[in-house]
Amino acid sequence: MHSQTSISQIHPDNYRFLQEHIYSQVGIVLEEDKHYLFESRLAPIITRLGLGTIDDLCALLKATCQPEISRQVVEAMTTNETYFFRDPAQYEAIRTVLLPRLIEERRDTKRLRFWSAAASTGQEAYSLAMRLVEAGLSDWNIQILATDFSSKVLERARSGKYQQIEVNRGLPAALLVKYFRQSGAEWQLSDQVRRMVVFETIDLRSSMRALGPFDLVFCRNVMIYFDTQTKKNILKQLHGTMFRGGWLMLGGVETAFGVEEFFERRTVGNAPVYVAR
Amino acid sequence: MPKALVVDDSKAIRTILAKTLKELGFEVCEAANGREALEVIEAEKATVQLVLLDWNMPEMNGLDLLKKLRQAPEFASLVIVMVTTEAELKHIAEALDAGANEYVMKPFTKDIIVGKIQLTGIQF
Ligand SMILES: C[S@@+](CC[C@H](N)C(=O)[O-])C[C@H]1O[C@@H](n2cnc3c(N)ncnc32)[C@H](O)[C@@H]1O
């Protein structure tokens, strides 16, 4: 039997190994003081594999090529937290300013393209989809691309099934009643809304050349983990996927600092919006 | 300071909700059932702006109070958020039809409560 403290033991070399491994796999920078994070996130994997400590896990990863375990480690170390209508001011800005403009500009083609670039379990893409249906656009040619580097979260997103705690958070009750059905302990999103979203596994650090052009891109609460150079590259690439005048939405604490040549920061209502130049 | 009323027959739940509301800047009063709540609301006429309302309570339940309040034009702008263990779609629909502004299923977290209050658009 191994006690909790033995799991958390990480040799400094292994700490560095894990930092580098996660950086090379997903570009996420983990600071020096994240022992508790490694411990809590990796413990289930260690138990599942019948190992004793994080050092054992590192030894296994170093000794043999273990793509499946490596993937599990990376996914365990990344944060997937998300919820419906996170940052309501952004959805309000979309509803009151972006959509009226797009409806006017695209009244001939009726074609709109959106991207949720770190979609996690799908709440962001589906929140937008519900907003679009609510805006009377259900007969338009609309596609929301929802991507994440984790295929595990996308699988959940695709199912459109959510727990009570997830639909309780951020989602207006009127939309819950209108677009969800209850099945056992879960809430199932309607096919009408699910059909508007397509899912694909994409790493934000890979080429985005084949994507777009988009009218709106969400890239929220993911770049906080990247270093300055990675972030700059991603912002530049995102710009390449967007229509001129398209909107980029970042997370509450994120900025497009350093890429003013690509994006102009505007405040729409209470939401900061980065407009593609 | 905006005023809120917490209605729940559990003292523990009232205390948790009152604490969150105070942190948001509300002055908070409490009631243990619908009848008590009605007394408070009528006594404090027009000063209570937000009600967090449990459903299952003795004497007068939350849904009955909700319906009563929505029948009175003077309480039309009162923001009412149901906070209840009733977690079936038909219950939520029933409460919304009866005039609830928002609906929280128990168990809740502080984030959920704050988020739902924000969704109602109430100023605080
Ligand atoms: C905290 S969630 C953000 C979800 C949603 N955008 C929001 O703001 O609520 C971050 C997501 O980014 C994904 N992610 C992390 N690194 C990534 C990368 N290099 N490429 C693509 N997705 C990545 C994670 O898998 C996770 O689902």
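For this structure, a couple of remarks:
- Criterion violated by A:Val177 - all others in (1) among the aliphatic types (A, V, I, L, M); (2) within 13 Å of the ligand (Cβ to nearest atom); (3) within 14 Å of chain B (Cβ to nearest Cβ) satisfied: (2)
- Qualifying residue in region B:58-77 (condition: under 19 Å from B:Ile13 (Cβ atoms), open to solvent by less than 20 Å² (accessible area, probe 1.4 Å), within 12 Å of chain A (Cβ to nearest Cβ) and free of Cβ contacts under 8 Å to residues at least 60 places away in the same chain): no
- When region A:209-242 is filtered for residues that are more than 23 Å from A:Leu102 (Cα to Cα), away from the ligand (no atom under 11 Å from the Cβ) and touching a residue at least 40 places away in the same chain (Cβ under 8 Å), only A:Asp227 remains.
- Identity of the residue in region B:98-113, touching an Asp or Glu at 6+ places or on another chain (Cβ under 9 Å) and at pLDDT below 95, that ends up least open to solvent (accessible area, probe 1.4 Å): B:Lys106
- Within region B:6-37, the set of residues being over 23 Å from B:Gln123 (Cα atoms), assigned to a helix (DSSP H, G or I) and open to solvent by 10 Å² or more (accessible area, probe 1.4 Å) comprises B:Lys11, B:Ala12, B:Ile13, B:Arg35, B:Glu36.
- Cβ-Cβ contacts under 9 Å between residues 6 or more apart (or on different chains), taken from a first residue in region A:142-155 that is over 16 Å from A:Met242 (Cβ atoms) and near the ligand (Cβ under 8 Å from one of its atoms) to a second residue that is assigned to a helix (DSSP H, G or I) and at pLDDT 95 or above, are listed as A:Asp148/A:Leu154; A:Asp148/A:Ala157.
- Those residues of region B:92-124 which are among the hydroxyl-bearing types (Ser, Thr, Tyr) and part of a loop (DSSP other than H, G, I, E, B), in sequence order: B:Thr109, B:Thr120
- Filter result for B:Ala95 (small (Gly, Ala, Ser), under 23 Å from A:Tyr179 (Cα atoms) and buried (at least 21 other Cβ atoms within 10 Å of the Cβ)): yes
- Breaking point among (1) within 14 Å of chain B (Cβ to nearest Cβ); (2) within 15 Å of the ligand (Cβ to nearest atom); (3) free of Cβ contacts under 8 Å to residues at least 40 places away in the same chain; (4) of a type outside the set (Val, Ile, Thr), for A:Ser206: (1)
- The lone criterion from (1) more than 27 Å from A:Gln163 (Cα to Cα); (2) surrounded by fewer than 13 Cβ atoms within 10 Å (Cβ to Cβ); (3) away from the ligand (no atom under 16 Å from the Cβ) left unmet by A:Glu20 is number (3).
- Test: residue in region B:81-97 that is on the phi < 0 side of the Ramachandran plot and away from chain A (no Cβ under 14 Å): no
- Residue in region A:92-105 that is within 28 Å of A:Lys34 (Cα to Cα) and within 14 Å of chain B (Cβ to nearest Cβ) present: no
The values are calculated or read from the model by the stated rules, or taken from the named source; none is laboratory data. Note that the structure is a prediction, hence the values are computed from the model and not measured. A quick note on method: Cβ atoms are made from the backbone with ideal geometry, for glycine too, and the neighbour counts reach across all protein chains shown. When the accessible area is computed, the model is the full protein with side chains, heavy atoms only, and any ligands, DNA or RNA have been set aside. Shrake-Rupley method; radii C 1.70, N 1.55, O 1.52, S 1.80 Å.
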